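Submitted below is the structure of interest, expressed as structure tokens.
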Amino acid sequence: MKIAIIGTGYVGLVTGTCLSELGHHVIAFDHDQAKIAALKKGQVPIYEPGLNGMIHRMVEAKRLYFSTDIEAYIHEVSATIVAVGTPSKCDGSADLSYVEVAIKRIAPLVREGSIIINKSTVPVGTAFKTSQWINDCLKAKGKKQGTVHAVSNPEFLREGAAVEDFLNPDRVIIGVSSDEAFKIARDIYAPFAAKGVPIIKTNTQTAELIKYAANAYLATRLSFINEMSDLCEKTEADIRTLSTAIGLDKRIGPHFLRPGPGYGGSCFPKDTRALLDTAKQYKQDMSIVRSSVESNDLRKANLLERVKQKWGALSGLRISLFGLTFKADTDDVRETPSFDMIKNLHHENVEMSVFDPQGADNFKIMLKNFKFESPLLHYSKDMSECLKGSDGLIILTEWAQFSTLLPEDVKTHMRHARIFDFRNILDEKIFLEAGIEYQGIGY
Ligand code: UGA
């Protein structure tokens, strides 16, 4: 099938590339000329395992194209997928302006009988608005209304595992208001249906809410396990055993039970806030989601306090930090707990050396956008450089390479051999045996 993607951000790029891998012919549009020019030259703007190689293969196979010229190609496709950003507005609600601009641009151009799929995470009711925007555009062009259908088809891709998640989905959700639209959308995912992946047909409101429910549930589960982790510390219980034990209950399952410095990224924080905004509009109290958001915000704000409780005052010392991204295997630093930590260390007058395998460039850009500058902050090119002359190491992201750290590295490079591991990724025993102060979380 010929498919267009509007937006070559993280979701659009992964979706377009993987759909071409499934055998479709995909043309991915973006209004950012520099980005499209770079993609045409094979330069991929995001770090996502497996994506770079797949883009090259698909471009070579002539199943994936990049363009800024929507007008020239879009009339050829049976489905147009909108994958543009829906950032948080100041009040927490989702900003739909990019979605609206995209829909209004493409609606007059697409073929009669084709579908416009919303993959961006959008509040319940957006498909109705989309249909209205489409019909207004068709009317203005003197075309027949109701001939282009809006479909809601949310994504469930984790950054760092997005290609794998796309190609091995747990389910595909298709929210529609007509059988014709469902048939086209289902055909896109026919290879998954053939493998037995559940394809769930529902109305557009349910599809839109499924996405928010999944993210809010997972975020709530994390706030829960983080609070359990804190209680474990106070009661001399052990979160590591507790998580394993409750995860073995089939009704609970093992995932999303690792405590950490608090969830971040572009999805959980944004989507939980947007869900609360929707609840407010419908006068529905969602106290559980609200509490989980508050609990997470508080956790991130208090990270440094935990370190100080253990290590005492830090002013004037030099602290190393491993991890700037909100989790491993991504270069995304949005809402990363490391930002809260660095801000607080700066206010405590602590010299910082930081290292991240992929996130430093984006982190610098983010600090610039927030107008936050610190002469105390130094970027290191590797773990050893980051540890040099340091009075303590704080680990905030679970990059696999951090777990290769050895007691010798700590002893050779650091002035004061002590570690605060917010991800429990190191083997505590070997560090303690080497006489290094080690503090994990939740036990
Ligand atoms: C999340 C969802 O998992 C995806 O299904 C969804 O498609 C995506 O949001 C989205 O809405 O686009 P993502 O934000 O990429 O994906 O990352 P996750 O792997 O879900 O991690 C989210 C946060 O939870 C991270 O800060 C991570 O460090 C934290 N986490 C995760 C833990 O602290 N402990 C865990 O056990 C798992």
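The values are calculated or read from the model by the stated rules, or taken from the named source; none is laboratory data. Since the structure is predicted, the reported quantities are computational estimates derived from the model, not experimental observations. Every residue, glycine among them, receives a Cβ derived from its backbone with ideal geometry; neighbour counts consider all protein chains shown. Side chains included, ligands, DNA and RNA excluded: accessible areas come from the protein's heavy atoms. Shrake-Rupley method; radii C 1.70, N 1.55, O 1.52, S 1.80 Å.
Give the Cα extents of the stretch 342-398 along the principal axes, in whole Å, largest first.
On the principal axes, the stretch 342-398 reaches 29, 26, 19 Å in Cα extent.
Between residue 101 and residue 248, how many nm apart are label points set 7 Å from Cα along the C-beta direction?
Result for the modelled spin labels: 5.4 nm.
Hey, if you put +1 on the Cβ of every Lys and Arg and -1 on every Asp and Glu Cβ in the chain, which of 402, 369, 135 ends up farthest toward the positive end of that dipole?
After comparing all options, I get 135.
Nearest 5 is fine: what % of DSSP beta bridges in the chain come out antiparallel, could you say?
Antiparallel: roughly 5 percent of the beta bridges in the chain.
What dipole magnitude, in Debye to the nearest 20, does the stretch 292-354 give about its Cα centre under +1 on Lys/Arg Cβ and -1 on Asp/Glu Cβ?
Working: 9 positive and 10 negative charges, 56 e Å.
Charge dipole, the stretch 292-354, about its Cα centre: 280 debye, nearest 20.
OK, next. Relative to the Cα centre, what is the charge dipole magnitude of the chain, using +1 at the beta carbon of each Lys and Arg, -1 at the beta carbon of each Asp and Glu, and rounding to the nearest 20 debye?
1220 debye
Which order do peptides 360-366, 386-392, 1-7 fall in by mean Cβ count within 10 Å, highest first?
1-7, 386-392, 360-366
Using a 1.4 Å probe on the protein chains only, how many percent of the accessible area of the chain belongs to carbon and sulfur? The partial results should precede the final answer.
Details: 10740 of 20260 Å².
Carbon with sulfur: 53 percent of the solvent-accessible area.
Along its principal axes, what span do the Cα atoms of the chain show, with the longest given first and each in whole Å?
The Cα atoms of the chain stretch 75, 48, 42 Å along their principal axes.
If you don't mind, another one. If packing is taken as the mean number of other Cβ atoms within 10 Å per residue, what is the order of 14-23, 182-191, 208-217, highest first? Mind showing how you got there, number by number?
Working: 14-23: 23.2, 182-191: 17.4, 208-217: 20.3.
So the peptides 14-23, 182-191, 208-217, ranked by packing, come out 14-23, 208-217, 182-191.
With no solvent and one point on each alpha carbon, what is the Debye value of log10 I(q)/I(0) for the stretch 115-215 at q = 0.14, 0.17, 0.21, 0.22 Å⁻¹?
For the stretch 115-215 at q = 0.14, 0.17, 0.21, 0.22 Å⁻¹, log10 I(q)/I(0) is -0.55, -0.77, -1.07, -1.14.
Rounded to the nearest 500, what is the chain's calculated 222 nm mean residue ellipticity when only DSSP H runs of at least 4 contribute -39500 (n - 2.57) each, over all residues?
-13500 deg cm²/dmol
Mind checking the alpha-carbon convex hull of the stretch 7-47 and giving the volume per residue in Å³?
67 Å³
Put +1 on the Cβ of each Lys and Arg and -1 on the Cβ of each Asp and Glu in the chain; which of 59, 205, 347 then has its Cα farthest toward the positive end of the dipole?
Going by the Cα projections, it comes out as 205.
Listed here are the pairs 104/129; 119/270; 139/283; 201/327; 104/371; which of them are more than 23 Å apart at the Cα? Spell out each step's value before the answer.
Values: 104/129 11 Å; 119/270 16 Å; 139/283 35 Å; 201/327 33 Å; 104/371 34 Å.
Pairs exceeding 23 Å: 139/283; 201/327; 104/371.
Follow-up. Which percent of the Cα-Cα distances in the stretch 218-375 go past 18 Å? All intermediate terms of the calculation are to be shown ahead of the outcome.
On the way: 8092 of 12403 pairs.
Percentage above 18 Å: 65.
Please list 3J(HN,Hα) in residue order for the stretch 432-443, calculated via the Karplus relation 6.51 cos²θ - 1.76 cosθ + 1.60 where θ = phi - 60°; whole Hz, with x for glycine and proline.
Calculated HN-Hα couplings, in order: 5, 4, 7, x, 9, 5, 10, 10, x, 10, x, 7 Hz.
Would you look at the GNM of the chain, springs on alpha carbons closer than 10 Å, and say which of 129, 283, 381 moves the most?
283
Give the shape of the stretch 295-350 as rounded, prolate or oblate, defined through the alpha-carbon gyration tensor: a ≥ b ≥ c are the square roots of its eigenvalues, a/c under 1.5 means rounded, and otherwise the shape is prolate if a/b is larger than b/c and oblate if not.
Taking the square roots of the gyration eigenvalues as a ≥ b ≥ c, the stretch 295-350 is prolate.
Continuing with the same structure: Under a 1.4 Å probe, what is the accessible area of the stretch 295-436 per residue, stated in Å²?
Averaged over the residues of the stretch 295-436, the accessible area is 44 Å².
Calculate, for the stretch 40-91, the solvent-accessible area per residue in square angstrom, rolling a 1.4 angstrom probe over the heavy atoms of the protein chains.
I get 54 Å² per residue for this part.
Answer with one residue from 114, 173, 90: the one whose Cα lies farthest towards the positive end of the charge dipole of the chain, charges on Cβ with Lys, Arg +1 and Asp, Glu -1.
So the residue we want is 114.
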